[in-house]
Amino acid sequence: MCATSVLTACALLAGCAAPLDVRKDAKYLNHAYAADRPSVRPVRSISSFSDSLMCMDRMFRNSNMPSVLITSKQLPDYSGRVAVATKDMVVTALSQMSRVSNAFRYVDYEVDIARQDTVQNLTTILLNNNQIQLQRPALYVSGAIAFVDQNVIRSDINAGISGSRVEAGYTQGRNATILGLEMHLGDFRTRTIIPGLDSANEVVIGNGNQGLDLAGRIGSYGVQFSVGRDYAQGSGPAVRTLVELGMIELLGKWSRLPYWQCLTLDQTHPDFQRQLRDWYEEGESGVHQELVRQSLISKGYLPPDASMFTAENPLWRDALGRFQADNGMVVTGIVDFSTYERALRDFVAVSATGQMTRIGWSSKNAAPVTVASDKSADTSKSARYGATAPERTIDIQIENVMQNRTAFESGEQIFLSAAVSRASYLSCYMGGADGEVIRLLPNDINSSGWISASQTVRIPDWMSPNPGFVINAGPAGNEGVACFATEQNTTAHLPEILRGKAFEAISGIKTLEEVRQIMTQSLGSNQLSSTIRRWKVVPAQVKAVTPAAPTASR
């Protein structure tokens, strides 16, 4: 019997020595196409100061601050312990503070001989051939990760017992690492650091672990059991938090705006997202959807009668998608934690004891009351309550270098921008003193009229090498631009007179008020938001020509 078993085992081993046939595993390997994909949806990087950056963007917009060119140096880590792209975090923070305001434009030019970068190489070639011209920035950011002190405080506990047939051990450890970031703002023209415009902040990165080991004997057999859990806070999110805080402080001090109003938001509380995660885990998917639905109704993304919308309803998914796009999230059209957290942040605040608490939200199964989203820098609790959803607003600004322009000379070029408070379909018309009205947007160059709440439309797009059109002040008189925003693309519901080609005079219409009247009659006042920005055109001044100095000729 033993010999037979030995022969059988040898035969099996000999079979294993033969080459494997990959075709026999084809059905198994076919699962790799699905297994190699991430199992968790990607999310946008959101820190404690993400809302503060948006608040600064609105503050810059309200102050009519013109665009400022800025660049930055590399922000190195001399400790060698934090391998993060700090400079790119600076660029991202600047971009988030300029989405609507266009406050800062980053000049991206860096010489690195060791790096083979296509854009850098092309830039160098074109600069040497005088085929490209770089604009000189006004400001630059410098700094470094100043220190990383590991295990500043540490606590370890080890305990165990042993007997003739059983052994047990318990371990617990906690430690804290402090990371510091220094940032400065400098004047690029003189390459000097501006006194007082600095930021020095620190953050604590924590680590912890627990473990339990059991061992014993049952008869002649040994049994072992081990369980452990730990956490390690990453250095990447910690550095991002310090960078965003530092950029808010630097640019807030430089612009002399009350930037501290954007740093006292409840969302900057360290436990804000963790507490919302706990509440998210408490409820079921139906409860999450009902809470988010009520929030979207209060914010104007859904009509008041949307209580019967299901997750499969296209209008429900469209509203979720627009809300996610407006708030800088990855658009999924489903109620995940990121959407839940963004939708309910207006229903959460810091209590008098410093803890996170619900607002107008009596229990975990109750829908929140109608709360207007906080669109201003005012952080008071009373400013958040409202009986109706916030209206869709359009902000048209004159973006010429000189602020608060109300008059232009005939022939002078005019730069405008438009932003909306909610995702909308935007169309803009221009009316001149000669009684001619034309449509500017949409046009053949920019055929899509869709604009999100986190986007600014430049009219014309002066940052594009081919803007498609320019706006020059016409004859003396009054001119203006009117923009109209709707929830959907309503072009098909407009009369034929407003559906002609862009940049062609609209026959029979002499003023922007007539355009607004026709649109209101066609769509209804409750479906339309409009704004008109006007300026005055004065005759061009004839500049005196200085006679040339006499020259001698041979």
Backbone HN-Hα couplings from phi across the range 396-401 [Karplus 6.51/-1.76/1.60, Hz, Gly and Pro as x]: 9, 10, 8, 9, 5, 4
Nearest 10 degrees, 0 to 90: helix 86-96 Cα axis against the chain principal axis: 50 degrees
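For the chain, what does the relative contact order come out to in percent, with C-alpha contacts under 8 Å and a separation of six or more?
With pairs under 8 Å counted, the relative contact order is 11 percent.
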Helix axis angle, 50-62 relative to the chain longest principal axis, alpha carbon, degrees: 10 degrees
Distant-in-sequence amide H partners of PHE188 (H built 1.01 Å from N, under 5 Å): LEU139, TYR140
Sites matching GluC sites (Glu not before Pro) across the range 385-488 that sit in DSSP coil, with at most 15 neighbouring C-beta atoms within 10 Å: GLU391, GLU412, GLU436
Helical mean residue ellipticity (222 nm; -39500 (n - 2.57) per DSSP H run of 4+; nearest 500) of the chain: -7500 deg cm²/dmol
Placed amide H near SER72: partners under 5 Å, 5+ positions off or other chain: VAL141
Amide H partners (placed H, <5 Å) of ILE471, local residues excluded: ILE414
Cross-link pairs beyond the 29 Å C-alpha cut-off, checked among LYS501/LYS536; LYS299/LYS510; LYS73/LYS253: LYS299/LYS510
The chain: angle of helix 314-326 to the longest principal axis, Cα-based, in degrees nearest 10: 80 degrees
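Every number here is computed from the coordinates shown, using simple stated rules; none is lab data. Owing to the predicted nature of the structure, the values given are computational and were not obtained by experimental measurement. So basically every Cβ, Gly included, is an ideal-geometry build from the backbone, and we count neighbours across all protein chains shown.
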